[in-house]
Every structure is written in structure tokens, then in C-alpha cells.
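S.K.: Questions regarding the structure given below will be posed in turn.
The values are calculated or read from the model by the stated rules, or taken from the named source; none is laboratory data. The structure presented is a predicted model; accordingly, all values stated were derived computationally and were not measured. Backbone-built Cβ (ideal geometry, glycine too); neighbour counts: all protein chains shown.
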Amino acid sequence: MSVMDTLLEIKQKASEELAALDGTAALEALRVRVLGKKGELTALLKGLGQLSPEERPAAGAQINDARAWLQARMDESLARLQAAEREAALQSETIDVTEPRPLPRVGAAHPITLVMNELIDCFTGMGFEVMEGPEVELDHYNFELMNIPKNHPARDAQDTFYMDDNVVLRTHTSPMQARAMLSRKPPIRIICPGRVYRADEVDATHSPVFHQMEGLVVDEHVTMADLRGTLSAFARKMYGEDVSIRFRPSFFPFTEPSAEVDLTCSACHGKGCRICKETGWIEVLGSGMVNPKVLEMCGIDSTRYSGFAFGIGMERLAMRRFGIRDMRLLYEGDARLLGQLR
């Protein structure tokens with residue numbers, strides 16, 4: 001068989017196979033068989049030595065023309081097959097955005113966050129401004145400007161984390177009273193929510209890290225009646241119109257007079273039960289009139305201005321709101337529990 005006949009046979013057979021190819025892998029196999037180093041055309045080129053010198057140039061040119069023609073046909077087929085494979089892949093990977101899917105789990109706000117947000121809404125509705133401050137605090141603000149000088153017995157009750165002699169993790173949000181009074185002129189009406197730290201043992205009612213909200217009002221003619229009215233509005237907002245409030249005398253170095261504030265027990269409505277220890281009352285917060293000495297240390301004329309302050313424990317309110325008896329449940333991060341407290 002002549003070179004020309006062999007080339008025609010190779011081209012015809014390759015054309016038929018190209019038309020029937022179903023993928024790029026089959027095309028590559030055909031290319032290797034026909035055009036590869038050990039392919040059919042390469043074998044023809046190697047056989048040119050068996051031809052006469054006069055026949056070799058024409059036969060070589062015919063083989064090269066056949067190679068160029070086959071390469072062009074294969075390139076066309078490669079483009080067609082790649083496009084088809086790409087389209088098939090897109091079809092198989094298409095996502096039906098209308099297909100119903102299970103809803104993702106949505107997180108819930110933490111009980112302490114819920115209570116804190118309610119308190120912020122309550123007091124900002126009464127004209128208070130939210131003010132935040134550092135958790136790593138100077139002794140000067142945390143104690144001294146709160147009328148608790150060095151070696152004062154009240155420091156023993158604070159169980160303080162000391163960074164050094166003059167820097168502490170704040171034991172209450174009360175330092176914000178001093179910072180507000182030093183940076184602003186009366187009238188002042190602020191609340192200060194945030195974390196506080198005390199070296200307490202962890203148990204059902206104590207934690208070394210907990211949350212408070214401080215409230216402060218300083219203006220002319222502020223009295224204990226204003227404090228009671230503010231806290232009564234807070235109690236009705238949080239627990240309903242039928243809640244009662246009572247003040248019990250207490251002592252805080254930065255307020256004078258001072259009072260612990262109780263609300264009627266939400267479980268028994270004042271009748272007495274195990275939760276309120278049969279008293280009908282639940283202690284909620286501490287409060288009092290700002291000590292005139294604190295006002296003077298902060299540069300406010302105590303003969304002209306007076307004020308009141310209160311401090312609310314977030315954990316205590318959250319436990320009361322959601323019926324939690326062990327404070328540790330608030331910190332263990334059990335999604336099964338926290339998801340129910342909404």
C-alpha cells in the first residue's frame with residue numbers, strides 16, 4: 001500500500017472516530033495513537049527510508065499535510081468536547097435555590113443580655129444615658145473617690161483582684177459615678193452596665209465574674225423620694241403593675257443614707273414561700289443618696305447639689321426572671337438550657 005493510500009485510510013478512520021467521541025479522554029487516546037511519538041504517522045515518517053530518494057520529499061510533505069489536517073480536526077473536537085463537558089458539569093452542580101431546606105439553628109441572646117437590654121430600655125426611657133468605663137480600674141476611682149480610703153474596713157468585704165497596689169479589676173460599677181462627676185457638670189443622669197470582679201468562691205449564688213448596672217442622678221433638689229419613684233417605675237416596668245417595693249436601712253460608704261431594696265416575691269406574690277424564705281420579699285439591689293463627701297471629692301458643691309445612686313445585679317435579676325436556682329447555669333454555655341430562656 002502506498003503512503004498516500006495509508007494516509008487516506010488513517011484520515012478516514014480518524015474522522016469517523018472524531019465524530020463518535022464522547023469525551024476529552026477518548027480524544028487524547030486517539031491523538032496519542034495517531035500523532036504520538038509511537039503513533040501511526042510517526043511510523044510512516046520512520047518508514048521513509050525505505051523509499052527511493054525521488055519519492056521521499058513528496059511522501060514527507062504528504063505526511064506533514066496529513067498531520068496538520070488531523071491536528072486541526074482534533075483541536076476543533078477538543079474545543080467542542082470541553083464546552084460540552086463544562087456545560088454538563090454546570091448542569092450537575094446547579095443548586096435549586098427554591099428547594100425547601102431545614103432552617104439553620106439560630107442563636108438566642110443570653111439571659112443576662114436579655115435582662116441588661118430590658119434594663120437599658122427601661123432607664124433610657126426615663127431619660128438616663130448609658131455610659132461605659134474600664135474594667136481594669138485605678139484604685140483611686142474604684143475605692144478612694146467612693147469614700148473607701150486605703151486601710152478602710154470596707155475594702156475587706158470587696159475581695160479585690162489587685163494587678164498592683166494602684167490597679168485593680170473593678171469590684172463594682174460605682175467608679176463610673178466618680179468618672180461621670182469629674183468629667184461632667186450637673187445635671188447628671190447615667191446608667192453604667194458592665195462586668196465586675198471579686199475573688200469569690202464559685203457556688204450556686206457566687207461567681208468571681210458577674211454583671212452590675214450602676215445608676216446615678218445628680219442635680220439640684222434631688223431627694224430620697226426621687227430615688228424611690230425611679231426604682232418603683234423600674235420595678236413596675238420589669239415585673240408588672242402589682243409589684244411592691246420596700247427600702248431597708250443599710251450601709252455603703254459612697255451613699256448616705258443607704259438602703260437595700262426588696263420587691264415582692266414573684267413566686268408567691270408576697271404570701272411567703274421557700275424562694276423568699278417565707279418573707280414575701282426578694283432583695284434586688286442596693287441604693288442611697290450620694291454621700292456629700294463623694295460629691296465634694298469629685299468637685300461638685302454638696303450644698304447646692306444632691307444625688308442618688310443604685311446598683312443592680314444582672315445575675316440576680318436573670319435568675320429571678322427565668323426561675324434559675326444555680327448561677328453556674330448561666331455560665332456553662334449549655335445551648336439546650338439557654339435556648340429555652342428567651
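S.K.: On the given criteria, is Arg321 basic (Lys, Arg) and part of a helix (DSSP H, G or I)?
M.R.: Numbers: basic (Lys, Arg): yes; part of a helix (DSSP H, G or I): yes.
Here the answer is yes, as Arg321 does meet what is asked.
S.K.: Please pick out the residue among Ile95, Ile120, Ile148, Ile112 that is of a type in the set (A, V, I, L, M) and surrounded by fewer than 14 Cβ atoms within 10 Å (Cβ to Cβ). Quick ask: steps written out before the conclusion?
M.R.: Numbers: Ile120 fails: surrounded by fewer than 14 Cβ atoms within 10 Å (Cβ to Cβ); Ile148 fails: surrounded by fewer than 14 Cβ atoms within 10 Å (Cβ to Cβ); Ile112 fails: surrounded by fewer than 14 Cβ atoms within 10 Å (Cβ to Cβ).
Of Ile95, Ile120, Ile148, Ile112, the one residue that is of a type in the set (A, V, I, L, M) and surrounded by fewer than 14 Cβ atoms within 10 Å (Cβ to Cβ) is Ile95.
S.K.: A further question follows. Taking Ala233, is it surrounded by fewer than 17 Cβ atoms within 10 Å (Cβ to Cβ) and either among the aromatic types (Phe, Trp, Tyr) or in contact (Cβ under 8 Å) with a residue 40 or more places away in the chain (or both)? Don't jump to the end; show me each part of the working.
M.R.: On the way: surrounded by fewer than 17 Cβ atoms within 10 Å (Cβ to Cβ): yes; either among the aromatic types (Phe, Trp, Tyr) or in contact (Cβ under 8 Å) with a residue 40 or more places away in the chain (or both): yes.
Yes: the conditions hold for Ala233.
S.K.: Which residue, of Ala26, Ala58, Ala19, is loosely packed, with under 13 Cβ neighbours inside 10 Å, out of contact with any strand residue (DSSP E or B) (no Cβ under 6 Å at 6 or more places or on another chain), part of a helix (DSSP H, G or I) and at pLDDT 80 or above?
M.R.: Details: Ala26 fails: loosely packed, with under 13 Cβ neighbours inside 10 Å; Ala58 fails: at pLDDT 80 or above.
On inspection, the qualifying residue turns out to be Ala19.
S.K.: Does Glu118 satisfy the condition of being in the same structural domain as Gly313 (by TED's automatic domain parsing) and of a type outside the set (Val, Ile, Thr)? Spell out the reasoning first.
M.R.: On the way: in the same structural domain as Gly313 (by TED's automatic domain parsing): yes; of a type outside the set (Val, Ile, Thr): yes.
Judged against the criteria, Glu118 is a match.
S.K.: Follow-up question, since we're still on this one. In the stretch 79-126, how many residues are modelled with pLDDT of 85 or more, within 21 Å of the chain's Cα centre (by Cα) and in a loop (DSSP other than H, G, I, E, B)?
M.R.: Total meeting the criteria: 1.
S.K.: Moving on to the next point. With the condition kept exactly as written, say whether any residue in the stretch 263-271 is surrounded by fewer than 21 Cβ atoms within 10 Å (Cβ to Cβ) and more than 39 Å from the chain's Cα centre (by Cα).
M.R.: Yes, the stretch 263-271 contains at least one residue that is surrounded by fewer than 21 Cβ atoms within 10 Å (Cβ to Cβ) and more than 39 Å from the chain's Cα centre (by Cα).
S.K.: Here's something else I'd like to know. Every residue in the stretch 203-222 that is in contact with a Gly (Cβ under 9 Å, 6 or more places away or on another chain) and either buried (at least 19 other Cβ atoms within 10 Å of the Cβ) or of a type in the set (A, V, I, L, M) (or both), please.
M.R.: Quick first cut of the stretch 203-222, residues in contact with a Gly (Cβ under 9 Å, 6 or more places away or on another chain) only: 210-219, 222.
Within the stretch 203-222, Phe210, His211, Gln212, Met213, Glu214, Gly215, Leu216, Val217, Val218, Val222 meet the criteria.
S.K.: Taking Asp200 as meeting all but one of (1) at pLDDT below 95; (2) more than 17 Å from Val168 (Cα to Cα); (3) of a type in the set (D, E, K, R); (4) surrounded by fewer than 20 Cβ atoms within 10 Å (Cβ to Cβ), write down the number of the exception.
M.R.: (2)
S.K.: Consider only pairs whose beta carbons are under 9 Å apart and that are at least six residues apart or on different chains; among these, list those whose first residue lies in the stretch 102-114 and is in contact (Cβ under 8 Å) with a residue 12 or more places away in the chain and whose second residue is basic (Lys, Arg) and surrounded by 13 or more Cβ atoms within 10 Å (Cβ to Cβ).
M.R.: Within 9 Å, the pairs are Pro111/Arg321; Leu114/Arg321.
S.K.: Within the stretch 293-310, can you find the residues that are buried (at least 18 other Cβ atoms within 10 Å of the Cβ), touching a Pro at 6+ places or on another chain (Cβ under 9 Å) and not in a helix (DSSP H, G or I)?
M.R.: Hits for the stretch 293-310 are Ile300, Tyr305, Ser306, Gly307.
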